Amino acid sequence: RACVAVNPHSGLGGPAVGMPLHGDFEAQRHWLEVTLNLPVGDWYVDTPDNDLIGWWGLDYPPLTAYHSLAMAHAARAAGLHDVV
């Protein structure tokens, strides 16, 4: 987070003010949120809680999604509640 805060990143200057839809960091953070807060059966399904069209849906294989889930649990255990 410190590196992103002081250096340019892929979402810098994106067109959506307040909604950084053009950054790898935000995509990865969103996948942590999806895998941690939704049932496994909803990860790849467009639902009101998982907008696959207007936001980043999981577009990687399930093994990668489970890796995101593991990282989300690690972030939560480390007290990084502002990330997940």
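The values are calculated or read from the model by the stated rules, or taken from the named source; none is laboratory data. Not measured: the values here are computed from a predicted model. Virtual Cβ from ideal backbone geometry, glycine too; neighbours counted across all protein chains shown.
Tabulated results
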{"item": "Criterion (loosely packed, with under 14 Cβ neighbours inside 10 Å, out of contact with any strand residue (DSSP E or B) (no Cβ under 6 Å at 6 or more places or on another chain), at pLDDT below 75 and over 21 Å from His81 (Cα atoms)) met by exactly one of Ala5, Ala16", "result": "Ala16"}
{"item": "From the options Leu69, Leu63, Leu38, residue that is exposed (fewer than 11 other Cβ atoms within 10 Å of the Cβ) and at pLDDT 80 or above", "result": "Leu63"}
